[in-house]
Amino acid sequence: MIPYLTKALGNLFRAPATEKFPKGETPKAAPSYRGRIIYHPESCINCGLCMRVCAPQCMERTIEPLPNGDQKITLTFDLTSCTFCSMCADFCSRHSIELSDDYMIVGTKPEDFLVSGTFIKKAPPPKLTPEQIAELKAKAEAAKAAKAAAEKADG
Amino acid sequence: MIFTNYLVCFVLIALGIYCMVTKKNLFKICVGMGLVDYGVNLLIVSVGFHAGGTAPIFNISELTRDSFFVDPIPQALTLTSIVIGACTTAMTLSLIIMLYKQYGTLESDQIRRLRG
Amino acid sequence: MTTLLWTIFHVLVFPGLLFCVVVGLLLAGLDRKLVARMQNRVGPPLLQPWYDFLKCCGKETIIPRHARRGLFLAAPVLGFAALITAALFIPVFSYSVYSTSADLVVILYLLTVVGVSMIVGAAASGSPFAGVGLSREMVAMISYELPFVLVMLAVGRMAGVGTPLGVTFSLQAIVDWQAANGNLLFHWSMIPAALAMLFVIPCEIGMHPFDIAEAETEICEGTLAEYSGPPAGLFRLTHCVKMYVMCALFCVLFLGGISTGYAALDALVMVVLSVVLTFVTMSVPHAVCARFKVEQVFKFYWTVVAGLALISLILVWLGL
Amino acid sequence: MTFDFSNFINNFPILAIMSLFLGAFVSSLVGRRSAKVRNTVVFLSMLISLVLILALIKPVLLEGKIINYWLGNWEPVNGWAFGNSLEVDALSLFFALIVVVAVFVSGVYSFFYMSHDDSLVNYYTLFLMLSGSVLGLVLSGDLFNMFVMIEIMTFTAVALTAFRNHYEGALEGAFKYLVVGSLGSTSVLIGIALIYSQMHTLNLAQIAAMLPGYDSPVILIAFAFLFVGFGSKAFLFPFHPLAADAHAVAPASISLMISGVLTKCGVYGIIRLCYCLYQNMDQTFVQYFVTGIGVISMFVCVTMAFNQHNFKRLLAFHSISQVGYVITVIGLGSALGMSAGLFHAMNHTIFKGLLFLTAGAVQHATGSLDLDELGGLSKKMPGTCALFLIGAASISGLPPFNGFASKWMIYQATFQKAGETGNFFFVVVCVAALITSVLTLASFIKVAQSVFFGQLNLKFANTKEVSLGMRIPMWILAALCILPGLFPDKVQQWLLTPATQAAMNAPGYIDAAMGSGYAASFAIPAYQPQQIFLSGAWQPVMWLLLLISVTLAVCIVALLGGDEKATVTSEISADTDCDPKYDSFFSGEASVYSQVGGSDLFWGFKHNWRRYFSFMHDWHSGVVNDYTLYGTAAIAVALVLCVIFL
Amino acid sequence: MFQRMIDKSMAKSPWIFHINAGSCNGCDIELVSVLTPRYDAERLGFRLTGTPRQADIVVVSGPVTSQTKDRLVRTLAQVPEPRVVVSLGSCPRSGNVFKGSYCVDGPLEKYTHVDVSVGGCTPKPEAIMAALAKASEILAEKRKEMRQA
């Protein structure tokens, strides 16, 4: 009882331990804090590994084909269903996902909790038709023939 | 002689109370109450007793300074008291009958639903 | 006409409603601030009780289905009114408005009415939590009433030895006696009683170590479990004003002789003393102690506190 | 021919008694034919006695006349009283007033309360006999008359207790009451016989004149017997288990009579015994003795009430507790104490009557008195609930009601006594009185919570409010609860002061019966009217203050929250059963019957006193032999104490 | 004037009632830590109440399991207007790792309008503080709306 009493009375003359938080600046999180997800779509290769390892399945991927044959790929992280386990970041071979130290994940609308990124995946070159192949082959043969002719002319 | 009276009424009252306190049977309790009653009646009568007095039955003209009679008031009181005692006994007995009907026993230590 | 105006002034402003409410809320704010500081916190602003009360007034009042509407709403009003009336009987040292010959009994009973109104309100709300809360409130009441009564008798005897009846329950007489013979706090035979009274104050108010009735984590605010909106606010206000009333009562009973003769100055002294008392009797135990259990409160008050008061009473009775 | 009203008034007491007894006789004769005729007869006889007694207020209480009625005109000859007499002084009339009002209210209540029972002729006959005997007792000026009345009273009370003999325990309660009550009556009778043996007279006034100068051990023994006898009629400790048993099982109207009227007879007997007959109230031993018994009764019974599960049994214990208050202050021997005691006796009849009637109403409406089973009746019986709260506030002594006024006087009386004599014993008495008051409050909170508040047991969902005929008597009593609380000074002036002075004025009583100068011839000093020092009462100014404060508080709420349109609760949804918003908060559980039962309250208090409570529970064993033993022991202790100390 | 004072104090004394709708206790512990000396929510007027009747802000944590669903709905209904509902952590909004479980009846939005949400599993006390501060602003706005309506 007495130690508590002296401690309590002593506290009266000591500065309080309270942080000034809502006023002033937001304190920094701990060094390895896993906060808001940051997604770098530019380096993403759309391997889908992150979605495979996510326990709460918080990612959603939409693939939207573009007229020119490219694909617009959107990867959306719903932070309200994320456990911040950092599994996705660990598995991402291209380091496209990282967990920042921004812990201020507060919002009034569902949109406030979405982190999404979009990148365009170039369409692979179109397939050759047999005529084209024949043509190409012909070209190649023609080239070969021309080359052989040139050698012959030299030799 | 009057001392004997007092002794007897003391004994009667004591016996009656003993009976009421120790006997578990309702009828015996009733008997105890009766004994106490008799003891008290005897006490009242003894109180009005004058050794050698006559019965207090007079015309008002016969009453003189020398007439020596026992006190009439205690006798009247005793009569009243006897009547009351009879009523008590009747009431107790009727209650005992009803109690036996309801509880199926005459033991006072089994008739204790109201307690605590 | 002037007497009527004065009556209205007394009831409305000083030492009645306005003064009580302002000082009470100030004390409550201070108490919260001090407790916070002792717990190494910043604590709420000094005006926090004001905000709380005003906020409660802006909320919806829900009357539960099992509640008895009239009583449920009347109980806080009645309790508050009884408390203000009790405050009117407590003289601000020499400035006594309605001192009669037996104020102490009146105050004792009016304070009981305050507690009872809370209990009746809780009972009328029909909630089982409130049921538990009211039983605890009642146990607390039984607990502090014995030492309170003993203190009252000791003071009454001490100040009333010379009078024809040998005792007095008039606070005015007690104050006058102290002005003539020195404050009761400094009579050594009264020190145990003063200590006991210091213990009575927090329990009467229901402050933290003794807030068994309103244990918010345990029985959901207990007596106030079903109250919402203005009635709840009024109960909280009553609680704050009670802090002032009890402190003032202590001042008058044990420090009654320090009147300066000026009502305003007296009032200021009273407020300062109340602040000190609030700190000593409420803030410090709040910061230091954990909550008592129900039966511990009862035991503590009927043994330790009542014992202290009894010692005083016996000493006074022996003429010491 | 002139009609001499002031002389005719002398006949009023006997007429009042006779009207009740005649009513009993006539109603048993004609009552079997028709219930209407029976009720009319009963009502008329009660009304006549009420009016007659009320008519006596002016001459007796206000003008101080003492009415002496010698039966058969057997007036005293040569300073020797032969005849029976009725002697009505202010004290007797005070108690008679209590009696007739209680009888009237109880009777009117019975018309509706008992309407479902059979053999009501017997009920009303017994009821009127009980009333008549009680009235006869308090108006009697003759010791043996008093005994006869006590006996009639006991019989009729026993019979009425067992009236609803199909109720559980009714017969048992009646049997115990009869056995132990007859022990008390016997004790009275022995006392009377012993007094007669020394005094050779039964007239109260004459005995009062002769006794104080007479020195004999027999007289002291008689005192012990009479005191215990009257005490047993007031159900003082250790006779209190009887009252608890009898009250709990009797019909509510009879409980009112037993607690409000029969106990008052015991109180009256004790007052007459100590103040008038023996005039020994100035002796310290008698003060200790009477006050001590009062304090023990008061405290033991109020703690016993904590253990009770039966509504009326709980009330019964409180009843004795309050009588304990009365006896305590009467034992102080001061005028203020007497005054306080009389006031509290009157108030006790009123508020305890009210409480018993509400209990009766609850029983009438629900058929149950179990505190653990009932609950939430305030919704179904709002009127009864309000009446109960008035009664409970009165008995706990909360300020606006009569209980506060009388309890205040009680504290003042005890503490003044302590201050005057410097005796610590009376300080303890004062503290005990205050604590008992708090415990009483606690106990009634328990009843209120477990019967009227909390949640409604679904069993009693169809409960209806009792009929108006039952509520009107209760409202009369409730009004009587409030009025003396509002105007204690008037009650003091008109009722208490005359009654107190009459109680203290033994020589006046003697002289009124035996002719002036009779008391002086036995060297009894003339009575000097004692000043009743009342250091303040509940004054109108406080009313004003309280009223203003209440208005203010209402205004605050109205100003701050009340005019808020959006926050006004919609009335409609409060009554629908489906909206969870208006359910009690029960940690989110569905609103089921979850009442905190009466026996679960006050755990903290009971836990600390668990040894005491378990001892007390065992002590009230319910076995009639034990109770007889306690009674006998009381007689023995009283005898020993009186012989040693007097 | 009183009304304006009430409006002002509404944001300054929001009382919190906390409902655990099947939470793993992580968020609950963090909510309590908001009241510790380091964060001291009391300096903003926050206070934990024991009964919904006096609450202004209801904080719900947990994925709303089928066991708690009825209790949650009932308790939410018992909070007087104006009131603000705050969902604490990921679970109430989505179910988090318990999503799709047979015993989860979430999300919270099926039963009530959620005014403020805090993400995180569990959120840091600072985030909770920020959310509560936001909630008290919303509370004051709701009060004003109610008054004007």
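Quick note: the coordinates plus some simple rules give every number you see, no bench work behind them. What you see is a predicted model, and the numbers here were worked out from it, not measured in a lab. In this analysis, Cβ positions are derived from the backbone assuming ideal geometry, glycine residues included, and neighbour counts consider all displayed protein chains.
Peptide B:14-23 is shielded by partner chain Cβ atoms: per residue, an average of 4 of them sit within 10 Å of its Cβ. When the inverse distances between all different Cα atoms of chain D are averaged and flipped, the Kirkwood radius reads 25.4 angstrom.
For region E:2-144, the Kirkwood hydrodynamic radius from C-alpha pairs, put into Stokes-Einstein at 20 °C and a viscosity of 1.002 mPa s, yields a diffusion coefficient of 143 µm² per second.
Over the protein assembly as shown, dividing the summed -39,500 (n - 2.57) contributions of all DSSP H runs of at least 4 residues by the number of residues returns a 222 nm mean residue ellipticity of -19500 deg cm²/dmol. Classify chain B as rounded, prolate or oblate, taking a ≥ b ≥ c as the square roots of the eigenvalues of its Cα gyration tensor: rounded when a/c is under 1.5, otherwise prolate if a/b is larger than b/c and oblate if not. Prolate, since a/c reaches 1.5 and a/b exceeds b/c.
Summing Cβ point charges (Lys, Arg +1; Asp, Glu -1) relative to the Cα centre of the protein assembly as shown gives a dipole of roughly 2280 debye.
The amide H of C:Val92, built 1.01 Å from its N in the peptide plane, has C:Val97 as neighbours under 5 Å, considering only residues 5 or more places off or on other chains. Separation of the alpha carbons by more than 22 angstrom is noted, of D:Lys312/D:Lys464; D:Lys233/D:Lys312; A:Lys109/E:Lys142; E:Lys69/E:Lys110; D:Lys264/D:Lys312; C:Lys59/C:Lys293, for C:Lys59/C:Lys293. Residue exposure proxy: D:His607, D:His116, ordered by other Cβ atoms within 10 angstrom of their Cβ from fewest to most, comes out as D:His116, D:His607.
Working from label points 7 Å from Cα in the Cα-to-Cβ sense, the A:Leu136 to D:Val643 distance is 13.9 nm. Could you compute the FRET efficiency for E:Glu141 and C:Leu318, with r as their C-beta to C-beta distance and R0 at 56 Å, rounded to 0.05? FRET efficiency, E:Glu141 to C:Leu318: 0.25. Here's the list of lysines a cross-link from A:Lys139 could span, going by alpha-carbon distance under 20 Å and ignoring same-chain residues fewer than 8 apart: A:Lys127, A:Lys147, A:Lys152. Here the calculated FRET efficiency for C:Ala290 and D:Trp494, from their Cβ-Cβ distance with R0 = 56 Å, stands at 0.50, rounded to the nearest 0.05.
Within region E:2-144, antiparallel bridges make up roughly 5 percent of the DSSP beta bridges whose residues both belong there. How many angstrom lie between the C-alpha centres of region C:1-69 and region D:407-469? That distance is 31 Å. Its Cα gyration tensor gives the protein assembly as shown an equivalent ellipsoid; the semi-axes, largest first and in whole Å, are 80, 35, 26. Among D:Thr349, D:Thr328, the order by Cβ neighbours within 10 angstrom, fewest to most, reads D:Thr349, D:Thr328. Rounded to the nearest 20, the size of the Cβ-charge dipole of region A:26-141 about its Cα centre is 180 debye, with Lys and Arg at +1 and Asp and Glu at -1. Rounded, prolate or oblate for region A:26-141? Axes are the square roots of the Cα gyration tensor eigenvalues, ordered a ≥ b ≥ c, and the cut-off for rounded is a/c under 1.5. In terms of gyration-tensor shape, prolate. Taking amide H as placed 1.01 Å from N in the peptide plane, A:Ile38 has its amide H under 5 Å from the amide H of A:Glu98, A:Leu99, A:Ser100, each at least 5 places away in sequence or on another chain.
Relative to its residue count, region C:2-317 spans a Cα convex hull of 132 Å³ per residue. Model label sites at B:Phe3 and B:Ala86, defined 7 Å from Cα along the beta-carbon direction, differ in position by 3.6 nm. Report the Cα centroid-to-centroid distance between region E:2-76 and region A:61-119 in angstrom, as an integer. Region E:2-76 and region A:61-119 have Cα centres spaced 31 Å from each other. Treating r as the C-beta distance of C:Ile8 and A:Thr108 and R0 as 60 Å, the FRET efficiency rounds to 0.75.
Loop sites by DSSP among the trypsin sites (Lys or Arg not before Pro) of chain D, restricted to those with at most 11 other Cβ atoms within 10 angstrom, leave D:34-463 as the longest stretch without any of them.
Separation of region D:141-219 from region B:1-24 is 19 Å, based on Cα centroids.
Put a dot 7 Å past the Cα of D:Cys555, heading toward its Cβ, do the same for C:Leu46, and the two dots end up 2.8 nm apart.
Between A:Ala148 and A:Thr62, full extension at 0.36 nm per residue minus the direct alpha carbon distance yields a gain of 25.6 nm. Would you list, by chain and number, the aspartates and glutamates whose Cα falls below 16 Å from the Cα of D:Lys417, excluding same-chain residues fewer than 8 positions away? Within reach: D:Asp282. Of all stretches in chain D that contain no GluC sites (Glu not before Pro) in a DSSP loop with at most 13 other Cβ atoms within 10 Å, the longest one is D:169-646. With neighbour counts taken as other beta-carbon atoms within 10 Å, the residues D:Met504, A:Met1 rank, fewest first, as A:Met1, D:Met504.
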